[in-house]
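K.L.:
I'd like to ask some things about the structure below.
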Amino acid sequence: QQTLAQDTSKKSCYEFLNMTSRSFAAVIQELDEELRDSVCLFYLVLRGLDTIEDDMSLDLNRKVELLRSFDQIIYQKGWTFNENGPNEKDRELLVHFDVIINEFLRLKPEYQKVIANITKLMGDGMADYVSGEHRENTAIATVKDFDLYCHYVAGLVGYGLSDLFAASGLESKEIADDKVLSNAMGLFLQKTNIIRDYREDLDDGRQFWPKEIWGKYVEKFSDLTKPEYKDKAQACLSDMVLNVLDDVPQVLTYLSKLKNQSVFNFCAIPQVMAISTLALVFNNLDIYHRNLKIRKGQAVKLIMDSKDMDHVVSIFRQYVFEISRKNEATDPNFMKISMAIGRIEQWI
Ligand SMILES: CC(C)(C)CN1C(=O)[C@@H](CC(=O)N[C@@H](CC(=O)O)C(=O)O)O[C@H](c2cccc3ccccc23)c2cc(Cl)ccc21
């Protein structure tokens, strides 16, 4: 039986959810009763972790200590955090984190275990990265480093969600066994965001593109914004898109295994947004100057159309075709992109 106080604290968790990400919050709230609270709290715990990792005003040792112990912090009733810089986007969440912890502690133990396990792995991964990033400014040197970073911040989210889906009984255990597919679901979203956010991150003094790729085209990461490097910048961008296209077959395979409608919608919507964003940024040099977002109307249409696998496959086919149309024979990566598209078309 739920007391009034418990009901209030649950409601405020959804208020925090809506504060952190309106459009995605709505998709989480459409989830089956059995999964809604655990996914909502998983999302909020991850936001808490992200708010600490993102805060450049935090002392490095303090940040590392918090990241590595966040999996224990989420069990500490009453814990709140007031040391975030004033302009940290979601600092409010950590100021009231005791409410999140209360609700987390009311989840079934197996859901708590999944969330705490991923929080530990992610917190350690982030701590390793920020320590390394501190030593030299390109912590993401190789494509391997790029895959590892994206695994920590997004691939692990796929692991955790697949574990929650299986634990709820709404999806088969198999969905949680195939870590490669769960990882690809996160990598596709995160890598597409990293391409889209080039300018925003550059202005924040952060760079996530692997030097093994951009170093083939320019000396300095910021040279990509200069008109005299226009052709190099375009080739570099298509090289980055090429790297992301390899995750598409695994994303489609994962989605095709889902049985529950609300889980399918929850997983498919961000993926169709991402393939749409990827087609938008491909061969579009504006990404070096401003943040590109797909138009609201298009996003709404994608959400409406992503209700089943056939529709999702046809959306992917449409955007992969758009990328193929934009692919230029003069681009040094032209053939590799054509082959990556060929591999995807076998699937769709
Ligand atoms: C870094 C990230 C990609 C994992 C962030 N991430 C997502 O991007 C959200 C979508 C989102 O937040 N979109 C923003 C817009 C934007 O940021 O571009 C919105 O406001 O709509 O979706 C993912 C997400 C949803 C469904 C299945 C997933 C499987 C593996 C990994 C992540 C999965 C997400 C699920 C959870 Cl539980 C937590 C975080 C995320």
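The values are calculated or read from the model by the stated rules, or taken from the named source; none is laboratory data. The model shown is predicted, which means the values in this text are computed figures rather than measured ones. In this analysis, Cβ positions are derived from the backbone assuming ideal geometry, glycine residues included, and neighbour counts consider all displayed protein chains. The area values use the complete protein model at the heavy-atom level, side chains included, leaving out ligands, DNA and RNA. Shrake-Rupley method; radii C 1.70, N 1.55, O 1.52, S 1.80 Å.
K.L.:
Choose one answer from Gln207, Gln234, Gln72: the residue with the largest mean-square fluctuation in a GNM of the chain with alpha-carbon springs under 10 Å.
P.N.:
Sorting by GNM fluctuation, first place goes to Gln72.
K.L.:
Using only Cα atoms, what is the ratio of the radius of gyration of segment 236-301 to 2.2 N^0.38 Å?
P.N.:
Its radius of gyration relative to the 2.2 N^0.38 Å reference: 1.27.
K.L.:
Can I ask one more? Counting just the Cα atoms, what span does segment 98-194 cover along each of its three principal axes? Round to the nearest Å and put the largest first.
P.N.:
Computed over the Cα atoms, the extents are 43, 33, 19 Å.
K.L.:
Could you report the accessible area of Thr253 in Å², rounded to 10, computed with a 1.4 Å probe on the protein chains as they sit in the structure?
P.N.:
Counting only protein heavy atoms, the figure is 40 Å².
K.L.:
For the chain, which whole-number percentage of the solvent-accessible area (1.4 Å probe, protein heavy atoms only) is attributable to carbon and sulfur atoms?
P.N.:
Accessible surface attributable to carbon and sulfur in the chain totals 52 percent.
K.L.:
Using only C-alpha atoms and all pairs of different ones, pull out the Kirkwood radius for segment 165-324 in Å with one decimal.
P.N.:
16.7
K.L.:
Continuing with the same structure: Can you bin segment 36-99 into rounded, prolate or oblate? Criterion: square roots of the alpha carbon gyration tensor eigenvalues sorted a ≥ b ≥ c, rounded for a/c under 1.5, prolate for a/b above b/c, oblate for the rest.
P.N.:
Judged from the Cα gyration tensor, segment 36-99 comes out prolate (a/c at least 1.5, a/b above b/c).
K.L.:
Kindly provide log₁₀ I(q)/I(0) values, in the same order as q = 0.10, 0.11, 0.18, 0.22 Å⁻¹, from the Debye equation applied to equal alpha-carbon scatterers of segment 141-257.
P.N.:
With no solvent term, the Cα-only Debye profile gives -0.36, -0.42, -0.89, -1.16.
K.L.:
Can you compute the helix-only [θ] at 222 nm over the chain? Use -39500 (n - 2.57) per DSSP H run of at least 4 residues, normalise by all residues, nearest 500 deg cm²/dmol.
P.N.:
Value at 222 nm, helices only: -22000 deg cm²/dmol.
K.L.:
Which whole-number percent is the relative contact order of segment 215-287 (Cα, under 8 Å, 6+ apart)?
P.N.:
Relative CO of segment 215-287 lands at 33 percent.
K.L.:
Cut-off 10 angstrom, C-alpha nodes, Gaussian network model of the chain. Which of Asn183, Asn333, Asn87 fluctuates the most?
P.N.:
Asn87
K.L.:
Let me ask you something else. With every protein chain in place, what's the accessible area of Met19 (1.4 Å probe, Å², nearest 10)?
P.N.:
90
K.L.:
Over the chain, average the accessible area per residue using a 1.4 Å probe and give it in Å², no decimals.
P.N.:
45
K.L.:
Let me ask you something else. Compute a Gaussian network model of the chain, connecting alpha carbons closer than 10 Å, and tell me which residue from Arg196, Arg317, Arg206 fluctuates the most.
P.N.:
In the Gaussian network model the winner is Arg206.
K.L.:
Counting only Cα, what are the radius of gyration and maximum Cα-Cα distance Dmax of segment 1-84, in Å?
P.N.:
14.5, 44
K.L.:
Using the per-residue mean of other Cβ atoms lying within 10 Å as a proxy for protection, in what order, highest first, do the peptides 139-150, 320-331 fall?
P.N.:
Top of the packing list down: 139-150, 320-331.
K.L.:
From the square roots a ≥ b ≥ c of the eigenvalues of the alpha-carbon gyration tensor of the chain, which class results: rounded (a/c under 1.5), prolate (a/b over b/c), or oblate?
P.N.:
Oblate, because a/c is 1.5 or more while a/b does not exceed b/c.
K.L.:
Based on the Kirkwood radius over alpha-carbon pairs, what is the Stokes-Einstein translational diffusion coefficient of segment 247-348 at 25 °C with 0.890 mPa s viscosity, in µm²/s?
P.N.:
170
K.L.:
Reachable aspartates and glutamates from Lys11, Cα under 20 Å, same-chain residues fewer than 8 places away excluded?
P.N.:
Straight-distance partners of Lys11: Glu30, Asp32, Glu33, Glu34, Asp37, Asp90, Glu92, Asp98, Glu103.
K.L.:
Moving to a separate point now. Got a number for the accessible area of Ser69? Probe 1.4 Å, square angstrom, nearest 10.
P.N.:
Roughly 30 Å² of Ser69 is accessible to a 1.4 Å probe.
K.L.:
Right, next: Could you tell me which of Gln346, Tyr111, Asn291 has its Cα farthest along the dipole of the chain towards the positive end, charges placed at Cβ (Lys, Arg +1; Asp, Glu -1), taken about the Cα centre?
P.N.:
Gln346
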